[in-house]
1. Scan region 86-96 and tell me whether some residue there is part of a loop (DSSP other than H, G, I, E, B), within 17 Å of residue 18 (Cβ to Cβ) and touching an Asp or Glu at 6+ places or on another chain (Cβ under 6 Å).
2. Could you look through region 18-38, keep only residues that are without any contact (Cβ under 8 Å) to a residue 24 or more places away in the chain and in a helix (DSSP H, G or I), and pick out the one that is surrounded by the most Cβ atoms within 10 Å (Cβ to Cβ)?
3. Those residues that are surrounded by 18 or more Cβ atoms within 10 Å (Cβ to Cβ) and touching a Lys or Arg at 6+ places or on another chain (Cβ under 8 Å), I need them from region 89-127; list them, please.
4. Restricting the search to region 62-96, which residues are without any contact (Cβ under 8 Å) to a residue 40 or more places away in the chain, touching a Phe, Trp or Tyr at 6+ places or on another chain (Cβ under 9 Å) and small (Gly, Ala, Ser)?
5. Out of the residues in region 117-133 that are over 11 Å from residue 44 (Cα atoms) and either modelled with pLDDT of 95 or more or basic (Lys, Arg) (or both), state the one that is farthest from the chain's Cα centre (by Cα).
6. Looking at region 71-86 only, could you name the residues that are touching a helix residue (DSSP H, G or I) at 6+ places or on another chain (Cβ under 7 Å) and under 12 Å from residue 48 (Cβ atoms)?
7. Criterion first (closer than 23 Å to residue 127 by Cα, surrounded by 14 or more Cβ atoms within 10 Å (Cβ to Cβ), touching a residue at least 12 places away in the same chain (Cβ under 8 Å) and among the polar types (S, T, N, Q)) does residue 47 satisfy it?
8. Between 7, 14, which is assigned to a helix (DSSP H, G or I) and within 18 Å of residue 114 (Cα to Cα)?
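The values are calculated or read from the model by the stated rules, or taken from the named source; none is laboratory data. What you are looking at is a predicted structure, and each value in this text was computed from that prediction instead of being measured. Using ideal geometry, Cβ is built from the backbone for each residue, glycine included, and neighbour counts are taken over all protein chains shown.
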Amino acid sequence: MNMAELAEKWLAKAENDLLVSRHVLFHLKPRQIDISCYHSQQCGEKSLKAFLVAQGLDPPRTHDLVSLCQKCADVENGFLTLLDDCADLTIHSVTTRYPYEMETSPEDAEAALENADRVYQYVLRKIRLRDKA
């Protein structure tokens, strides 16, 4: 499998996480706040890794979206506009999966979903523009 195909597989996984995040937040009763936050974080992570793969780079094994975003910005400095979104998403990588002290609200989950969608859409545009070039 070439890098472009692998990047598309990463993007497909990211899109699935985005769909799950939206579904469990808005269409399940009771709303699954923590699960939505976790899948939003996963969408952001997989999106950024898709971009790195599309550039022929091996993505690091990390859940730190700020670090991943900075690696993407080394290639395309426009990623710097996503640093705040990435910082907000990173906190959901572990704290929403385990019984920690941090409580998440529906507003937190909605914000995480918006952040994830921005990261995903940005990466999608960058990869698709690159493919057309």
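1. There is at least one residue in region 86-96 that is part of a loop (DSSP other than H, G, I, E, B), within 17 Å of residue 18 (Cβ to Cβ) and touching an Asp or Glu at 6+ places or on another chain (Cβ under 6 Å).
2. Out of the qualifying residues, it is 24.
3. 109, 113
4. Matches in region 62-96: 73 only.
5. If we take residues in region 117-133 being over 11 Å from residue 44 (Cα atoms) and either modelled with pLDDT of 95 or more or basic (Lys, Arg) (or both), then 132 is farthest from the chain's Cα centre (by Cα).
6. 71, 72, 73, 76, 79, 82, 83, 85, 86
7. yes
8. 14
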